[in-house]
1. State which residue is surrounded by the fewest Cβ atoms within 10 Å (Cβ to Cβ) when the search covers only segment 54-72 and only residues that are under 17 Å from residue 116 (Cβ atoms) and free of Cβ contacts under 8 Å to residues at least 60 places away in the same chain.
2. Enumerate the helices (runs of 4 or more DSSP H) found wholly within segment 6-91, keeping only those where 3 or more residues are farther than 29 Å from residue 158 by Cβ.
3. If you take the residues in segment 109-129 that are surrounded by 16 or more Cβ atoms within 10 Å (Cβ to Cβ) and either charged (D, E, K, R) or free of Cβ contacts under 8 Å to residues at least 40 places away in the same chain (or both), which one is farthest from residue 71 (Cα to Cα)?
4. Test residue 22 against the stated conditions and say whether it is at pLDDT below 95 and surrounded by 14 or more Cβ atoms within 10 Å (Cβ to Cβ).
5. Of the numbered conditions (1) small (Gly, Ala, Ser); (2) in contact with a helix residue (DSSP H, G or I) (Cβ under 6 Å, 6 or more places away or on another chain); (3) closer than 17 Å to residue 24 by Cα, residue 131 satisfies every one except a single condition; which is it?
6. Of 60, 4, 45, 37, which residue is in contact with a helix residue (DSSP H, G or I) (Cβ under 8 Å, 6 or more places away or on another chain), basic (Lys, Arg) and modelled with pLDDT of 95 or more?
7. Taking interchain pairs and intrachain pairs at least six residues apart, which have beta carbon atoms under 8 angstrom, with the first residue in segment 1-22 and under 18 Å from residue 131 (Cα atoms) and the second modelled with pLDDT under 95 and part of a helix (DSSP H, G or I)?
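The values are calculated or read from the model by the stated rules, or taken from the named source; none is laboratory data. Just so we're clear, the structure is a prediction, and the values are computed from it rather than from any experiment. We place every Cβ from the backbone using ideal geometry, glycine too, and count neighbours over all the protein chains shown.
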Amino acid sequence: MRLRPLVEDDLPTLCAFFASPHVERWWHESAELDSVRTKYLPSIRGEEPSHVLLAIVDERPVGLAQWYLWDDYPQGRDGYGIPTGSVGIDYLIGHAWDCGRGYGTQLIAAVLEITPPLPVWVTPEAANEPSCSVLENNGFVLMAVKQCHVETEFVEGPTALYALKR
């Protein structure tokens, strides 16, 4: 698996990913191209501090990852109770046929190789067992499960707070 920065031509691929039921259940992003452009073009142009990456296997896009400094998003950091000076990551495998093949574990490992050497905190919904499993496969430790309130994010159930100390 290799990661490369997201480019504007990748946005229709993101739409397809976000339209997949297994992604929509947890990611809560619009699959409409205009919405995807609005959300991701600022990162592509360097106007937003998140680093958005496409995961490629055998020259085929299989997933999406992004990493960021939680301090750049203090409302989210504080809403989840994340310590300052931490990295955050988000990730998904785009199509159901690519799930269960180890790509999620590989994706997280690949992202960790390029993030700053700071503690990493990740906030999946606690019911998202595949996400929690791939974090644990990469050495993350469950720190807490709690209902969080972050105005800028859709959170349905309790959040699992995972940390990787480096």
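1. Once the filter is applied, the top-ranked residue is 72.
2. Once the helices (runs of 4 or more DSSP H) in segment 6-91 are filtered for at least 3 residues that are farther than 29 Å from residue 158 by Cβ, what remains is 11-19, 33-44.
3. Once the filter is applied, the top-ranked residue is 126.
4. Answer is yes for this residue.
5. Residue 131 satisfies every listed condition except (2).
6. Sole residue among the options that is in contact with a helix residue (DSSP H, G or I) (Cβ under 8 Å, 6 or more places away or on another chain), basic (Lys, Arg) and modelled with pLDDT of 95 or more: 37.
7. From segment 1-22, the pairs are 17/23; 18/24; 18/27; 20/96; 21/96; 22/96.
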